[in-house]
Amino acid sequence: MNPNLQQAAWGSTLTKNKALLDWVGEMAQMCQPDQVVWCDGSEAEKKRLTEEAVAAGILIPLNQKKRPGCYLHRSNPNDVARVEHLTFICTPTEQEAGPTNHWMAPDEAYAKLGTLFQGAMRGRTMYVVPYVMGPLGSPFSKVGIEITDSIYVVLSMRIMTRMGKAALDMLGPAGDFNRGLHSTLDVNPDRRFICHFPQDNTIWSIGSGYGGNVLLGKKCLALRIGSYLGRKEGWLAEHMLILGMESPEGQTTYVAAAFPSACGKTNFAMMIPPRRFQGWKIWTVGDDIAWMRVGSDGRLWAINPEAGYFGVAPGTSVESNPTAMRIVQRDTIFTNVAMTEDGDVWWEGMTPKPPAGLTDWHGKPFDPASGEKSSHPNSRFTSPATNNLALSRHVNDPEGVPISAIIFGGRRATTVPLVLQSFNWTHGVTLGATMGSETTAAATGKVGVVRRDPMAMLPFCGYDMGTYFNHWLEMRGQIPHPPKIFMVNWFRKGADGSFVWPGYGENMRVLKWIVDRAMGKVGGRETPVGWVPREGDLDLSGMDITPEAFREATAVRVAEWKKEIEMQGEFFESIGPTMPPALELQRKLTATALEYGAPMGEP
Ligand code: OXD
Ligand code: MN
């Protein structure tokens, strides 16, 4: 290796950690960058890198009067989303990765990607990005180092994580850090791989610049490697938002909620209660990921490992999420949104009509008559959590916040009521394990097929799904005071095809019932599939909903559920031999209750 480079890889003034210096040296040897830059996370570094990114056309400055500190990034059009078919779990055996993951043998993956990484950074800078997932100094937190050749990644990691010198200080001389290596290479889908090596606490990502594939702290470490570590160490890494609901008396109750990607987690985590709930507040702890452990008081405590939001832009508006609209007002990197004539941003759903003179996400003049979208449907904003006026003051608490309820949210046009409380932990785990969305004709040609997304973790569980369900079941034995488990469905449709529940801020009413149930303060109706609110149990005052619509929203129909239970059986079978018998027994129990409990089914 060129001696200057050797010096740069080895000669960091930021750390003396031998394991880290050795590894960076080894990666530099393989990737052969022109220089190695260790990131300290300082303001001066941010300024320097932003200027470089602007000069290179990687970031386009937006109107600094309207959006101070905001930039637009346009990705390669072939690189706009996570790539599940190119995402691999590289465990020694295929069984460990399980039937829901793509698997590659570790030796094969290291060899295949190693060939691609060989000389990949020639003519480029290698950035070494130390970061912490979780509050600094928390025993829950994990240190990662991401090596990347992308300034966009460095600047995004600076927003999404606690990044820089503080991470190295927290690591000290320990060798226990996640080793992340990333190169955009030539952004060619044929040379794009996202490989996870749970046993080595290592991630190699090549050929992409898209956030979910390359901000390695997020989906790769906090969920895929995190879930593996969680099982090994006795905790849970989940695709869940965390929020606190504060009553007018000042009492705050925390819940964690899992919804599939792009199903409104960010909106729910930042919900503004309707007028009827004057004096109530929702505080955001996190909008995407929760790490949960048993606290010394026997309750389940959660931290948000992230420090920012990587939110979907389209559909975000003053109506759907006023808090997010304020968050993106400053210090935000927008990816693949449209730009207005005066250097502001716009996306579908921000306002009813696009402003004149838009530039689309490809950088071309936008013609609203073209039938195209001005912004990519998966265009994003990357913003610091500190921009959030509703940010919980407990986000940096090393122990996190105590969770009173866990919510699983499906996207079902039929069958699943607005809200359902499980009878017990095993039943709750079954509700989570069978979460799913009904496909539409537009998506698959088959209407009413349910795509299961257990616990919203299908793309993110770093090991075998049946073993993951078992870990959830086993956690019960460790939690003397477990949270109550619920399922919600904002997406049920009536006979006319329209949504029966208005959603958004009105979901506060459902949340209030959930929290009151968790505290044993409110009634409900027992059905064969769980508890649902009766009329009068849910506060509907000041809301425009007819009693018929409410009954429709909360109906449990025996015929629909019998079909559902049968489909769940097929899904459980697909999980294979590690599927826990307890969940299958629970499914059969529900089938029996449906058989004998028909009168309870209809309201
Ligand atoms: C996701 C995301 O894809 O959070 O779930 O970006
Ligand atoms: Mn997500």
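So what is the diffusion coefficient of the chain in µm² per second by Stokes-Einstein at 4 °C and 1.567 mPa s, using a Kirkwood Rh over Cα pairs?
Working: Rh = 25.0 Å.
The Stokes-Einstein estimate is 52 µm²/s.
What does the charge count near Phe572 come to, summing +1 for each Lys or Arg and -1 for each Asp or Glu among other residues with Cβ under 13 Å from its Cβ? Don't skip to the answer; put the middle values down first.
Details: positive: Arg452, Arg587, Lys588; negative: Glu564, Glu566, Glu570, Glu573, Glu584.
It works out to a net charge of -2.
Out of all DSSP beta bridges with both ends in the range 112-210, state the antiparallel percent to the nearest 5. Present the calculation step by step, with values, prior to reporting the outcome.
Values: 14 of 24 bridges.
For the range 112-210, the DSSP antiparallel bridge percentage is about 60.
Pop out the ³J(HN,Hα) list for the range 340-349 in order, Karplus 6.51 cos²θ - 1.76 cosθ + 1.60 with θ = phi - 60°, rounded to Hz; leave Gly and Pro as x.
For the range 340-349, the Karplus curve yields 8, 4, 9, x, 9, 10, 8, 8, 4, x Hz.
Roll a 1.4 angstrom probe over the protein heavy atoms and tell me the percent of accessible area of the range 153-293 that is carbon or sulfur. Intermediate values should be presented prior to the final figure.
Working: 1850 of 3920 Å².
Of the solvent-accessible surface of the range 153-293, carbon and sulfur hold 47 percent.
If you put +1 on each Lys and Arg Cβ and -1 on each Asp and Glu Cβ, how big is the dipole of the range 178-242 around its Cα centre, in Debye rounded to 20?
Values: 8 positive and 5 negative charges, 13 e Å.
It works out to roughly 60 debye.
Among Thr434, Val187, Leu155, which residue has its Cα positioned farthest towards the positive end of the charge dipole of the chain, with +1 placed on the Cβ of Lys and Arg, -1 on the Cβ of Asp and Glu, and the dipole taken about the Cα centre?
Toward the positive end, the furthest listed residue is Leu155.
With the cut-off at 26 Å, tell me which of the pairs Lys219/Lys353; Lys16/Lys142; Lys47/Lys218; Lys165/Lys218; Lys493/Lys521; Lys232/Lys588 have Cα atoms farther apart than that. Each step should come with its number before you reach the end.
On the way: Lys219/Lys353 34 Å; Lys16/Lys142 19 Å; Lys47/Lys218 24 Å; Lys165/Lys218 19 Å; Lys493/Lys521 30 Å; Lys232/Lys588 30 Å.
Over 26 Å Cα-Cα: Lys219/Lys353; Lys493/Lys521; Lys232/Lys588.
By how many nm would the segment from Ser574 to Glu52 grow when fully extended, if each residue of separation counts as 0.36 nm and the alpha-carbon distance is taken off?
Details: separation 522, 0.36 × 522 = 187.92 nm, distance 5.00 nm.
Additional length available on full extension: 182.9 nm.
Label Thr13 and Asp186 with points 7 Å out from Cα along Cα→Cβ: what is the distance between them in nm?
Modelled inter-label distance: 3.9 nm.
I need the shape label for the range 348-469. Rule: rounded when a/c is under 1.5, else prolate if a/b > b/c, else oblate, with a, b, c from the alpha carbon gyration tensor. Could the numbers behind the result be given before it?
Details: a/c = 2.42, a/b = 1.40, b/c = 1.73.
Oblate shape, in that a/c is at least 1.5 and b/c is the bigger or equal ratio.
What's the FRET efficiency of Gln251 with Gln329 using the Cβ-Cβ distance as r and R₀ = 22 Å, to the nearest 0.05? The partial results should precede the final answer.
Values: r = 31 Å, r/R0 = 1.41.
So, using R0 = 22 Å, E works out to roughly 0.10.
Could you give the nm distance between label points at Val318 and Asp367, where each point is 7 Å from its Cα heading toward the beta carbon?
3.2 nm
How long is the gain from Arg551 to Val449 if the chain were fully straight, where each residue apart is worth 0.36 nm and the alpha carbon distance is subtracted?
Working: separation 102, 0.36 × 102 = 36.72 nm, distance 2.46 nm.
Taking Arg551 through Val449 to full extension adds about 34.3 nm, to one decimal.
If each DSSP helix of 4+ residues adds -39,500 (n - 2.57) and the sum is divided by the residues in the chain, what number results at 222 nm, nearest 500 deg cm²/dmol?
On the way: 19 runs with 173 residues, N = 603.
Per the formula, -8000 deg cm²/dmol.
Kirkwood hydrodynamic radius, the range 166-323, all distinct C-alpha pairs: what's the number in Å? Working shown, then result.
On the way: mean 1/r = 0.0562 Å⁻¹.
After inverting the pairwise mean of 1/r, the radius is 17.8 Å.
Using label points projected 7 Å from each Cα along Cα→Cβ, tell me how many nm separate Glu341 and Met567, to one decimal.
So the two model labels end up 4.9 nm from each other.
Please state the charge dipole magnitude for the chain, taken about the Cα centre, from unit charges on C-beta atoms (+1 on K and R, -1 on D and E), reported in debye and rounded to the nearest 20.
So the dipole magnitude of the chain works out to roughly 660 debye.
Considering only C-alpha atoms, what is the centroid distance from the range 455-481 to the range 168-188, in Å?
Using only Cα atoms, the two centres lie 27 Å from each other.
Note down the net charge around Lys218, summing +1 for each Lys or Arg and -1 for each Asp or Glu among other residues with Cβ under 14 Å from its Cβ.
Details: positive: Arg82, Lys142, Arg158, Arg162, Lys219, Arg224, Lys265, Arg380; negative: Glu146, Glu238, Asp287, Asp288, Glu306.
Overall, the nearby charge balance is +3.
Can you list residues whose amide H is under 5 Å from Met350's amide H, if they're 5+ apart or on another chain and H is modeled 1.01 Å from N?
Close amide H contacts, sequence-distant or interchain: Gly315.
Among Phe408, Pro355, Phe572, flag the residue with its Cα farthest along the positive direction of the charge dipole of the chain, charges on Cβ as +1 for Lys/Arg and -1 for Asp/Glu.
Pro355
Could you list which residues have their amide H under 5 Å from that of Val285, counting only those 5 or more apart in sequence or on another chain, with H placed in the peptide plane?
Result for Val285 returns Ile242, Leu243, Gly244, Ser392.
First measure r as the distance between the Cβ atoms of Met519 and Arg275, then evaluate 1/(1 + (r/R0)^6) with R0 = 30 Å and state the FRET efficiency to the nearest 0.05.
On the way: r = 24 Å, r/R0 = 0.80.
Efficiency at R0 = 30 Å is approximately 0.80.
In sequence order, what are the phi-derived ³J(HN,Hα) couplings for the range 199-214 according to the Karplus relation 6.51 cos²θ - 1.76 cosθ + 1.60 with θ = phi - 60°, rounded to whole Hz, with x for glycine and proline?
5, 9, 6, 10, 9, 10, 10, 9, x, 9, x, 6, x, x, 8, 10
Provide the percentage of antiparallel DSSP beta bridges, counting only those with both residues in the chain; round to the nearest 5.
Details: 61 of 96 bridges.
Expressed as a percentage, antiparallel bridges in the chain total about 65.
For the chain, with the dipole built from +1 on Lys and Arg beta-carbon atoms and -1 on Asp and Glu ones, taken about the Cα centre, which of Tyr596, Gly25, His481 lies farthest toward the positive end?
Positive-most Cα among the choices belongs to His481.
Please turn the phi angles of the range 366-379 into ³J(HN,Hα) values with the Karplus equation 6.51 cos²θ - 1.76 cosθ + 1.60 (θ = phi - 60°), one per residue in order, whole Hz, x for glycine and proline.
The phi angles translate into 9, 10, x, 7, 6, x, 7, 9, 6, 10, 5, x, 9, 5 Hz.
Taking the highest mean first, how do the peptides 367-373, 62-68, 386-392 order by number of other beta carbon atoms within 10 angstrom per residue? Walk me through the numbers on the way to the answer.
On the way: 367-373: 10.3, 62-68: 15.0, 386-392: 17.6.
Result, highest mean Cβ count within 10 Å first: 386-392, 62-68, 367-373.
Excluding Val500 itself, calculate the net charge of residues whose Cβ lies under 13 Å from the Cβ of Val500, where each Lys or Arg counts +1 and each Asp or Glu counts -1.
Working: positive: Arg412, Arg492, Lys493, Arg551; negative: Asp496, Glu506, Asp544, Glu548, Glu552.
Every neighbour counted, the sum reads -1.
Could you state the number of Å between the C-alpha centres of the range 190-216 and the range 533-603?
Between the Cα centres of the range 533-603 and the range 190-216 lies a distance of 39 Å.
Let me spell out the model: positive unit charges on the Cβ of Lys and Arg, negative unit charges on the Cβ of Asp and Glu, origin at the Cα centre of the range 458-583. What dipole size does that give, in debye rounded to 20? Let's see the in-between values first.
Values: 14 positive and 17 negative charges, 68 e Å.
Roughly 320 debye for the range 458-583.
In Å², and per residue, what accessible area does the range 352-510 have when probed at 1.4 Å with the other protein chains present? Please report the intermediate quantities before stating the final value.
Numbers: 6300 Å² over 159 residues.
Dividing the accessible area of the range 352-510 by its residue count gives 40 Å².
Of the listed peptides 473-482, 298-307, 321-330, what is their order by residue-averaged count of other C-beta atoms within 10 Å, with the highest listed first? Please report the intermediate quantities before stating the final value.
Numbers: 473-482: 14.5, 298-307: 23.6, 321-330: 19.8.
The peptides rank, most packed first, as 298-307, 321-330, 473-482.
If I take R0 = 35 Å and measure r between the Cβ atoms of Gln64 and Lys353 in this structure, what FRET efficiency does the formula 1/(1 + (r/R0)^6) give, to the nearest 0.05? Before the final figure, lay out the partial values.
Values: r = 26 Å, r/R0 = 0.74.
After rounding to 0.05, the efficiency reads 0.85.
The values are calculated or read from the model by the stated rules, or taken from the named source; none is laboratory data. A quick note: this is a predicted structure, and the numbers were derived from the prediction, not measured. Positions of Cβ are generated from backbone atoms using ideal geometry, with glycine treated the same way; all protein chains shown enter the neighbour counts. Ligands, DNA and RNA are stripped out before the accessible areas are found, and what is left, the full protein with its side chains, is counted by its heavy atoms. Shrake-Rupley method; radii C 1.70, N 1.55, O 1.52, S 1.80 Å.
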